[in-house]
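This report concerns only the one structure given below.
The values are calculated or read from the model by the stated rules, or taken from the named source; none is laboratory data. Bear in mind the structure is a predicted one, so any value in this text is a computation, not a measurement. Glycine gets a Cβ as well: all are built from the backbone with ideal geometry, and neighbour counts include every protein chain shown. Note: areas computed on protein heavy atoms with side chains; ligands, DNA, RNA excluded. Shrake-Rupley method; radii C 1.70, N 1.55, O 1.52, S 1.80 Å.
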Amino acid sequence: MASSATAPVKVTVTGAAGQIGYALLFRIASGQLLGADVPVKLSLLEIPPAIKAAEGTAMELDDCAFPLLSGIEITDDPNVAFNGTNVALLVGAMPRKAGMERGDLLGANGGIFGPQGKAINDHAADDIKVLVVGNPANTNALIAQQHAPDVPADRFTAMTRLDHNRALSQLSAKLQVPVTEIKKMTIWGNHSATQYPDLFHAEVGGKVAAEQVDSEWLKETFIPTVAKRGAAIIEARGASSAASAANAAIDHVYDWVNGTDWTSAAVVSDGSYGVPEGLISSFPVRAANGTFEIIQGLEIDAFSRERIDASVRELEEERTAVRELGLI
Ligand code: NAD
Ligand code: LMR
């Protein structure tokens, strides 16, 4: 990652004309993705019918006169968009509608991520970092990663930071504490309704969070509220989350690049915690020197084990489905 004041970092955003793209690009250009002293060059990848809208967004970016924004490229060609890219945010994909699960999007969206993975493989910078936001994010990240054999697998990640932030917010409201007092929150598994937001390792004021709430709230309110928040937002707004998703993408990449002691991210499993090797599953992670590392050594009790296993089973089913569709 170039971080000197003179070398701009190339950031590619796919689906740049979409609603998350619109919430994301201005924050990247203002320095919130990488740091307030890191110049950026934006590449906006869109499909041809949305190029004009991307051009409009680029005009607005120009009009902000961001000191850190050193250039904007707009293209419908992944080989151009990912050429020399340091950070790729794969957002472009169809969002689900009310009544759908995210996995229902596999057939519609899966086909986007193979060619993009190949273009990353062939053209991206050696230090490429990829965050997949487009749903179903974990399995789309797996598809992209499988098409990029020359890129270290750990450069492909999927976003569960929005779930992590939702869990912080729900717990903060329940215990009436600032989110900053909550440590060691973890989302395990898939970015789907099977995800497991874990309060048995989270701490508030240095004490285990699960011991500070009643177990009925934990099981019947906290877990389903976090896991089904995406659907609740679609129901309420008539469109899927956008600003909070963009915010989570900023948090994910900022921490990946700048370091953190503990957060949640879907990363390629090395077999830790019984998650089959190669699946892109959410874990507790720390980041240092631009690398995520799965936090090891946590005790997993029977309650947590059952929930992690259920979400991982779903990831295995999605992997089987994309194999059957010929996408990996
Ligand atoms: P949107 O429909 O507003 O925008 C999607 C954009 O992607 C459109 O502009 C479309 O033209 C573009 N696109 C489609 N195919 C493309 C391709 N092959 N290459 C480049 N661009 C392409 O959708 P949105 O609300 O911005 O959501 C985008 C995705 O993010 C959806 O799949 C949504 O479900 C997902 N999402 C994920 C999370 C998460 O936490 N992981 C959170 C919110 C939304
Ligand atoms: C979310 O969690 O808000 C997104 O993944 C959108 C969705 O389909 O739930």
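For the range 90-118, a residue qualifies if it is more than 10 Å from ligand 1 (Cβ to nearest atom) and open to solvent by less than 30 Å² (accessible area, probe 1.4 Å), and the qualifying residues are L106, G110, G114, G117.
When you check N258 against the structure, is it under 23 Å from F156 (Cα atoms), more than 16 Å from ligand 2 (Cβ to nearest atom) and surrounded by fewer than 14 Cβ atoms within 10 Å (Cβ to Cβ), yes or no? Give the derivation first.
Values: under 23 Å from F156 (Cα atoms): yes; more than 16 Å from ligand 2 (Cβ to nearest atom): yes; surrounded by fewer than 14 Cβ atoms within 10 Å (Cβ to Cβ): no.
Judged against the criteria, N258 is not a match.
Residues in the range 189-201 that are touching a residue at least 60 places away in the same chain (Cβ under 8 Å) and not aromatic (F, W, Y): G189, N190, H191, S192, A193, T194, Q195, D198, H201. When V179, V204, V267, V253 are screened for being farther than 25 Å from N135 by Cα and touching a residue at least 12 places away in the same chain (Cβ under 8 Å), only V204 passes.
Considering only residues of the range 246-255 that are within 11 Å of the chain's Cα centre (by Cα) and open to solvent by less than 30 Å² (accessible area, probe 1.4 Å), which is nearest to ligand 1 (Cβ to nearest atom)? Within the range 246-255, the match that is nearest to ligand 1 (Cβ to nearest atom) is A248. In the condition set (1) touching a residue at least 24 places away in the same chain (Cβ under 8 Å); (2) outside any loop (DSSP other than H, G, I, E, B); (3) farther than 16 Å from T14 by Cα, M59 is compliant with all but (1). Residues considered: V40, V80, V87. Of these, the only one that is among the β-branched types (V, I, T) and either within 16 Å of ligand 2 (Cβ to nearest atom) or under 17 Å from the mean Cα position of the chain (by Cα) (or both) is V87. Taking the range 234-245 as the range and being surrounded by 15 or more Cβ atoms within 10 Å (Cβ to Cβ) and either away from ligand 2 (no atom under 11 Å from the Cβ) or over 25 Å from V11 (Cβ atoms) (or both) as the test, only I234 passes.
I'm trying to understand the selection: among the residues of the range 267-278, which are under 15 Å from the mean Cα position of the chain (by Cα) and open to solvent by less than 20 Å² (accessible area, probe 1.4 Å)? Listed by number, the list holds a single entry, V267. Applying the set (1) within 21 Å of the chain's Cα centre (by Cα); (2) over 17 Å from L24 (Cα atoms) to A98 leaves exactly one unmet item: (1). Remark: pairs (first residue in the range 220-237, under 14 Å from L171 (Cα atoms); second residue open to solvent by 40 Å² or more (accessible area, probe 1.4 Å); Cβ separation under 7 Å; 6+ apart in sequence or on different chains) = F222/Q170; T225/Q170; V226/Q170; A227/A193. Only one entry in F113, F26 is under 29 Å from D126 (Cβ atoms), away from ligand 2 (no atom under 16 Å from the Cβ) and within 23 Å of the chain's Cα centre (by Cα), namely F26.
The residue that is nearest to ligand 2 (Cβ to nearest atom), among those in the range 126-173 that are surrounded by fewer than 24 Cβ atoms within 10 Å (Cβ to Cβ) and of a type in the set (S, T, Y), is S169.
In the range 109-123, the count of residues that are among the aromatic types (F, W, Y) and not assigned by the TED database to the domain that holds G15 is zero.
Would the range 296-317 turn up any residue that is in a helix (DSSP H, G or I), among the hydroxyl-bearing types (S, T, Y), open to solvent by less than 30 Å² (accessible area, probe 1.4 Å) and modelled with pLDDT of 95 or more?
yes
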